Structure formats: structure tokens, C-alpha cells
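A short write-up of the structure that comes next.
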Amino acid sequence: MRPILMKGHERPLTFLKYNRDGDLLFSCAKDHTPTVWFADNGERLGTYRGHNGAVWCCDVSRDSTLLITGSADQSAKLWDVQTGKQLFTFNFDSPARAVDFSVGDKLAVITTDPFMGLTSAIHVKRIAADPDDQIADSVLVLKGPQGRINRAVWGPLNKTIISAGEDAVIRIWDTETGKLLQENEKEVGHKKTITSLAKSTDCSHFLTGSLDKSAKLWDSRTLTLIKTYVTERPVNAVAMSPLLNHVVLGGGQDASAVTTTDHRAGKFEAKFYDKVLQEEIGGVKGHFGPINALAFNPDGKSFSSGGEDGYVRLHHFDPDYFKIPSI
């Protein structure tokens, strides 16, 4: 399984996202310029220029026409995927962090960071069918959690929003009323910042990764803990195979804690776990720094990882991978 090395970013990667068809891969990094690549051969197709700060997150509409990005420049932007043109900018009073389109792409959730006395917030925006009709107003603004909200995604049927972040609590919010419906039980929850969150294809469960060196699998409706995956390093990124019962965790120590390149050069690995048995089944090494982003192709036949080293590594699985015994 020789990875394809994709070099286009000048700064650490922050997020990776495949489109629904699995033919395009979108990458975000601290270098202000989200990039789109061909997902099969890693060819760089183009960039989206206009942000003036690190880009933390992105999402792409179901028909692959619209891209949304959240940035430290206190804005979230809508882009035409094909032309790279900026269609609209949502401006905030603090950095925008997570972005996620609803099923149907008529709404988007955007989180903003705590900043200069402002608390973190979750904003719901209506996405117009015609970009010329787009307005900046929020349909709903949710406030409450302490610290940064690193991820907010839509729950089943867009009825809820699931958020997680620095205070290590997962919350489920009602999208109609904005009420807080549930928080995860403290005893079984993460002990440190939740860095990442990935939903299953059918949205019935989701996976969270944390700096407490674990990842946890949760039921999307009841917030019941299903499984826990334990590793030796802080987890910065998680992904779930849409095809097999596999979850992948990526991480490493914080960038500030990485001393000069040591004997582990190129040894930062994406670890594969059996989703059911919770056992480690393999790993893919290669990055020269912590892994900050992971994504599975929707067909389950390849995955990509983005590192602190500025590289995206695209891995097409060998036929043997699909023969790994699974119950």
C-alpha cells in the first residue's frame, strides 16, 4: 500500500473531507488556503483563496457544488466548488471553528470560539438555493459550553446538533427550540479535550477522539457509550470505515511538545482498531509529525491522513486489507 504524498500546503493540516461521490478530497490547513484534490491519484485541482487566517474545517454539499469553510479570520465562507469563486461570507466576532451542512444542504451549523470575553457559540444559518439570495442572519444561536467547541455536527434527520470540545462533554441540542437535550454521563465520558468527531454513514452512531488518549463510540440518539478504544498518544483525529468494522485514530503529542526530529521520524501512525472487539489490528506509519486529520473515502477502499508536517497522505488499500478477519 504505497501512499500518494500530496504536497500543497505550507502549514499543518487541520481537516480533510471527501465529497459524497468519493472522487474529490478537500483539505484545510493553517496556511489560509483550502485545497481540492482528485481522490484517486492525488492530483491537485485547485485552491480556494480568500481567507486571511488558518482554516479549521470544511464541508461539501451532497451534489458537490458548494463548499463551506470555517476560519480563524472570524469568518465562514461559501464557495463554488468548480470555479473556486467566493459566493458568500458569514462574519463573526470571534474565530469560526467547525462547519457542517445539514442533510439536504438547506442549513449549516457553524461554531465560533471564545474570544475577548465572548463565550463559544453554535450558529445555525439557512443556506439559500441561489447564492444571490443568501443572507447572513442566524436561524438559531446556542450558547453555553465553557471553552472551545471543536466539533458540531447534525444529528439524525437534522433534529439535533451534537457538539463536543474543550470541556470534554458531548451535548445534544434540539434544532427547533435550541434547548439542551442531553449531556454524556461524566463517569464514562472523556477526561480531556475532545478534538474530533466522526459520524457513521447512517448517522446512528458517532466516534469521538480526545487528548485523554482514547476514542469512544456513542449512540447518536441516546448518547449511550458503546465502545472505547485506548491508545498511547493523544488523539487528534478519528475516522470510521463505511465498509468494514474498522475505526482509525491519529494523533501524537502536541506540536509544541515535539522536540527536534527524534528516532521516531516518520513513525507517527494512523492506528486501525476493530470497531467491535476494540483491539488494535494494524497501523500505517509515515507522517513526520502528529496526525491532525483523517478521512475515509465513502467507498471504504482508501483513506487519507493530514499531518502537522503539511502533507496529505492518500492510501489505497491492498486487496489483503479486505480479508482482515472481522466478526
Return the lysines within reach of K192: Cα separation strictly under 18 angstrom, same-chain partners fewer than 8 residues apart disregarded; answer none if there are no such residues. K213, K216, K227
Cut-off 16 Å, label point 7 angstrom out along Cα-to-Cβ of T89: give me the residues of segment 100-130 whose amide nitrogen falls inside. none
Hey, rough spin-label estimate for K323 and A128, points 7 angstrom out along Cα→Cβ, what's it come to in nanometres? 5.6 nm
If you average the alpha carbon positions of segment 168-223 and of segment 91-150, how far apart do those two centres end up, in angstrom? 19 Å
For the chain, what is the accessible area per residue in Å², given a 1.4 Å probe and the full set of protein chains? 44 Å²
Relative contact order for segment 15-153 using alpha-carbon pairs under 8 Å, separation at least 6, rounded to a whole percent? 15 percent
First compute the accessible area of the chain with a 1.4 Å probe, then give the percent of it belonging to carbon and sulfur atoms. 49 percent
Estimated FRET transfer efficiency (D63, M1; beta-carbon r; R0 30 Å; 0.05): 0.45
Would you mind calculating the gained length between E10 and K285 on full extension (0.36 nm times residue separation, minus the Cα-Cα distance), in nm to one decimal? 96.9 nm
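The values are calculated or read from the model by the stated rules, or taken from the named source; none is laboratory data. Since the model is a prediction, treat every value here as computed from it, not as a measurement. So basically every Cβ, Gly included, is an ideal-geometry build from the backbone, and we count neighbours across all protein chains shown. Just so you know, the surface numbers come from the protein's heavy atoms only, side chains and all, with ligands and any DNA or RNA stripped out. Shrake-Rupley method; radii C 1.70, N 1.55, O 1.52, S 1.80 Å.
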